[in-house]
Each structure stands twice: as C-alpha cells, then as structure tokens.
Amino acid sequence: MLKKFIGGLGSSEKFEIPAHDSPLFQNIQWDRLPRHVAVIMDGNGRWATGKGLIRTAGHRAGVKTLKNILKTAIGLGLDALTVYAFSTENWKRPRPEVDFLMNLFSEYLIKELREMDEDNVRIHFIGRIEGLPPGLQKQMREAEELMKDNTGIHFNVAANYGGQDELVRAVQRLAAKAAAGEIQPEDIDEAAIDQELDTAGNPPVDLVIRTSGDERLSNFLLWQSAYAEFYFTDVNWPDFRPEDFVAAMEDFAGRSRRFGGLKNQ
Ligand code: IPE
Ligand code: IPE
Ligand code: MG
C-alpha cells in the first residue's frame with residue numbers, strides 16, 4: 001500500500017505489476033500461457049543510431065524495457081523469464097561498449113535489487129560468470145543470495161552466456177564425475193545433462209521472443225529451446241512494451257504444439 005502511494009507520488013511513469021483483471025490482460029488465455037519465456041533483447045544499437053544517438057544510449061533505454069517486461073511476466077504468473085543480456089560472442093564489440101555494458105549491469109543491480117526482492121523475484125545469473133569483472137561477480141552472487149528464499153518468478157539473466165559454452169561446461173563436469181567413478185557413462189541421459197545446465201530446476205523453454213527483426217538464436221539456450229515456439233518482432237528492444245509481450249503470449253496461445261506426436265492425441 002505504502003509502496004503504491006509512494007509510486008503514485010514519485011513518478012507518473014512508474015509501471016506496476018499488472019493485476020489479473022488489468023485491461024492489458026483482457027485477451028489472455030490463462031490456461032494457455034507458456035511457463036518459461038526466453039527473450040533475446042536485440043536492437044538496442046539500431047534503436048539508438050536510428051535516433052542519431054550513440055549505441056550505448058540504446059542499452060540504457062533497454063534497461064527500462066526489461067524492468068517493465070519483468071513486471072508483466074510477474075503479473076502473468078510465469079514460472080521463469082530468461083533474458084539474454086551479454087553473449088560469449090559480445091566480447092568482440094569495441095572495448096568502450098563492453099565496459100559500458102558491464103557498468104550498466106552493476107548499476108542495474110544497485111538500483112533494482114530492492115524492488116525485485118519486494119516483488120518476490122528469484123534472480124539467477126546464467127553463463128560463464130567467472131569471466132566477468134570480479135566486482136560484478138560479487139554483486140551478482142549477493143543478489144542471488146538476497147533473493148534465494150523468495151517464491152516468485154525465476155528471473156534468469158544470461159551474462160557471458162553461450163549455449164555451446166554452457167553445454168561444454170556441463171559435459172566437463174559430467175566427465176569429471178565419470179572419471180572419478182561417481183557415475184557410469186550410461187548414467188548420462190537427458191535428465192543428467194539438464195541438471196548440469198545453468199538453468200537446472202527450470203521448466204523447458206516454451207517460447208523464445210527475439211526483438212528487432214533478426215530471426216536466429218545467436219547461441220541462446222540451445223538445449224532448453226529444443227521444443228520452444230519462436231516469436232519474432234521487428235520492434236527494437238527499447239520500444240518493446242508490455243503490450244508487445246502480451247501480444248506474444250496471445251500468439252503463443254494459438255499455437256498447436258505436438259512434440260512429435262499428433263494433434264488431439
Ligand atoms: C542487444 O542490442 C544488446 C546486446 C547484445 C548487449 P544490440 O547491441 O545487439 O543492438 P543491435 O543489434 O546492434 O541493434
Ligand atoms: C544476441 O544479440 C545477444 C544478446 C541479445 C545479448 P547479438 O546482437 O549479439 O546477436 P547477433 O550478433 O546479431 O547474432
Ligand atoms: Mg544485436
């Protein structure tokens with residue numbers, strides 16, 4: 001109550017978690033929602049340069065989008081939202097842009113930590129975290145620790161993440177267990193691999209959303225997306241609104257998922 005009141009006073013722009021009966025959700029089919037949505041937040045650079053701004057202005061604008069989409073996902077009651085923030089390939093970018101992104105993560109964590117915790121979010125960072133700046137790693141671990149007993153949405157932020165790299169790390173751990181005699185090679189099945197992935201414990205990805213027009217996975221959640229539906233939109237990430245996210249949910253509700261079987265089986 002107090003939070004709402006302060007929010008109302010503070011800024012008219014503040015986006016609250018939409019209620020179940022919010023007009024935003026009027027066409028939602030609640031029994032046909034995905035459990036796990038993955039988002040490739042692409043197009044920050046194009047958004048900025050299209051406006052005559054420097055690319056990093058797009059990354060900053062994209063943070064606000066992320067905040068609103070997380071709140072929308074919470075309102076929808078999704079089990080998990082996994083967002084692609086920095087790939088193992090993104091180190092190829094100019095150093096100032098990489099540095100800017102690392103600082104932006106830190107800033108985001110400092111600014112948003114409390115509110116995410118109040119929203120009952122369980123944050124988790126996926127990817128080769130040990131390859132990130134030490135100060136940022138510490139902040140990430142602290143954020144995870146703070147929210148570990150929450151019971152709400154699993155919010156996975158992929159940073160220094162690559163699907164192939166994740167599989168390599170998982171396979172290395174399994175091989176080490178086999179070499180130590182803890183498991184037999186034939187114990188390595190789908191479930192065993194699933195449990196070694198950074199997303200262990202999350203349901204499989206039902207829906208992958210990619211903004212900004214490109215239609216590829218760019219090394220995101222290769223294993224977890226085995227049977228995902230795909231939703232592509234030309235909207236650049238900083239312009240992607242809760243209404244656009246909801247439109248993806250509505251589209252998903254109309255898909256016929258057969259998982260290799262037959263319809264109406
Ligand atoms: C996505 O936006 C954010 C990151 C990859 C960090 P881009 O920076 O890739 O934006 P475009 O694709 O160049 O427009
Ligand atoms: C994918 O976007 C990675 C993130 C959104 C963090 P990219 O912009 O890096 O992907 P490509 O290079 O267009 O495939
Ligand atoms: Mg891009």
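The values are calculated or read from the model by the stated rules, or taken from the named source; none is laboratory data. Just so it is clear, the structure is predicted and the values come from calculations on it, not from any experiment. Heads up, the Cβs are rebuilt from the backbone with ideal geometry, glycines too, and the neighbour counts pull from every protein chain shown. We work out accessible area using only protein heavy atoms, side chains counted, and drop any ligands, DNA or RNA first. Shrake-Rupley method; radii C 1.70, N 1.55, O 1.52, S 1.80 Å.
Put a plus charge on the Cβ of each Lys and Arg, a minus charge on the Cβ of each Asp and Glu, and nothing anywhere else: the dipole of the range 171-265 about its Cα centre is then about 200 debye. Loop-located GluC sites (Glu not before Pro) in the range 51-149 (DSSP state other than H, G, I, E, B) with a sparse environment of at most 14 neighbouring Cβ atoms within 10 Å: GLU89.
Spacing of the modelled spin labels on ARG173 and SER22, each 7 Å from Cα toward Cβ, amounts to 3.4 nm.
Computed extension length for ASP187-SER106: 25.2 nm, one decimal, from 0.36 nm per residue of separation with the Cα-Cα distance subtracted.
Under 5 Å between amide hydrogens, built in the peptide plane, is the criterion, and for ASP42 it picks out THR211, TRP237 among residues at least 5 positions away or on other chains. Dipole size of the range 41-117 about its Cα centre, with +1 on Lys/Arg Cβ and -1 on Asp/Glu Cβ: approximately 360 debye, rounded to the nearest 20. Going through the cross-link list LYS67/LYS148; LYS71/LYS111; LYS14/LYS148; LYS14/LYS111; LYS92/LYS138, which pairs have a Cα-Cα distance over 22 Å in this structure? From LYS67/LYS148; LYS71/LYS111; LYS14/LYS148; LYS14/LYS111; LYS92/LYS138, over 22 Å: LYS14/LYS148; LYS92/LYS138. Accessible-area rank, largest first, for TYR231, TYR161: TYR231, TYR161, with all protein chains present and a 1.4 angstrom probe. Close amide H contacts of LEU222 (hydrogens built in the peptide plane, cut-off under 5 Å, sequence separation of 5 or more or a different chain): GLY163.
Placing unit charges on the Cβ atoms only, positive for Lys and Arg and negative for Asp and Glu, gives the chain a dipole magnitude near 740 debye about its Cα centre.
Between the C-alpha center of the range 190-265 and that of the range 107-121 there is a gap of 25 Å.
Here is the list for the range 112-198: trypsin sites (Lys or Arg not before Pro) lying in DSSP coil, each with at most 10 other C-beta atoms within 10 angstrom of its C-beta, are LYS148. The share of alpha-carbon pairs in the chain lying farther apart than 29 Å comes to 34%. Taking θ as phi - 60° and the Karplus parameters 6.51, -1.76 and 1.60, the scalar couplings of the range 67-73 work out to 4, 6, 6, 4, 4, 5, 4 Hz in sequence order, x denoting glycine and proline.
Residues whose amide H falls under 5 Å from that of THR82, counting only those 5 or more places apart or on a different chain, are VAL37, ALA38, VAL39, ASN156, with hydrogens built in the peptide plane. Counting only protein heavy atoms and a probe of 1.4 Å, the accessible surface of the range 68-223 is 51% carbon and sulfur.
Between the listed residues SER87, ILE28, ALA48, the Cα displaced farthest toward the positive end of the dipole of the range 27-115, a dipole computed from Cβ unit charges relative to the Cα centre, is found at ALA48. Between PHE259 and ASP234, full extension at 0.36 nm per residue minus the direct alpha carbon distance yields a gain of 6.2 nm. Positive contributions from Lys and Arg (+1) and negative ones from Asp and Glu (-1), summed over other residues with Cβ under 13 Å from the Cβ of ASP198, come out at -3. Backbone phi angles across the range 167-172, fed through the Karplus curve with coefficients 6.51, -1.76 and 1.60 (θ = phi - 60°), yield HN-Hα couplings of 5, 4, 4, 5, 5, 4 Hz in residue order; Gly and Pro are listed as x.
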